[in-house]
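Engineer: Supplied in structure tokens, the structure appears directly below.
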Amino acid sequence: MKGLGIDIVQIKRIENLYHLYGKKFLEKILSPAEIDESRKKGHFIQSIAGKFAAKEAFIKAISGLSEIQLSFLDILI
């Protein structure tokens, strides 16, 4: 059986969360390597928004297939 996960995120929403919570927000959703990679890309907010959406979609896809509880830090993009 395969799961399907789709997620759309507003970049402005992620930007607002980053400005509100800063490093604490990033460390909750991204690994240190993902944060570094996002900083190097030049489009920092867009990069973290994309990684956030990809992780959300993966969690949605897998949640219907198993009883495993995943956090954002369990998934690397």
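Engineer: Residue by residue through the stretch 57-68, note down the ones that are open to solvent by 50 Å² or more (accessible area, probe 1.4 Å) and closer than 25 Å to Tyr18 by Cα.
Structural biologist: Residues satisfying the conditions are Phe58, Lys60.
Engineer: List the helices (runs of 4 or more DSSP H) that sit entirely inside the stretch 3-72 and contain at least 3 residues that are touching a residue at least 40 places away in the same chain (Cβ under 8 Å) and of a type in the set (A, V, I, L, M, F, W, C).
Structural biologist: Correct list: 44-63.
Engineer: Select from the stretch 1-52 the residues that are open to solvent by less than 100 Å² (accessible area, probe 1.4 Å) and charged (D, E, K, R) and write down the one among them that is farthest from Leu76 (Cα to Cα).
Structural biologist: Among them, the one singled out is Glu15.
The values are calculated or read from the model by the stated rules, or taken from the named source; none is laboratory data. Please read these numbers as outputs of a predicted model, since none were measured by experiment. Virtual Cβ from ideal backbone geometry, glycine too; neighbours counted across all protein chains shown. Accessible surface areas use protein heavy atoms only, side chains included; no ligands, DNA or RNA. Shrake-Rupley method; radii C 1.70, N 1.55, O 1.52, S 1.80 Å.
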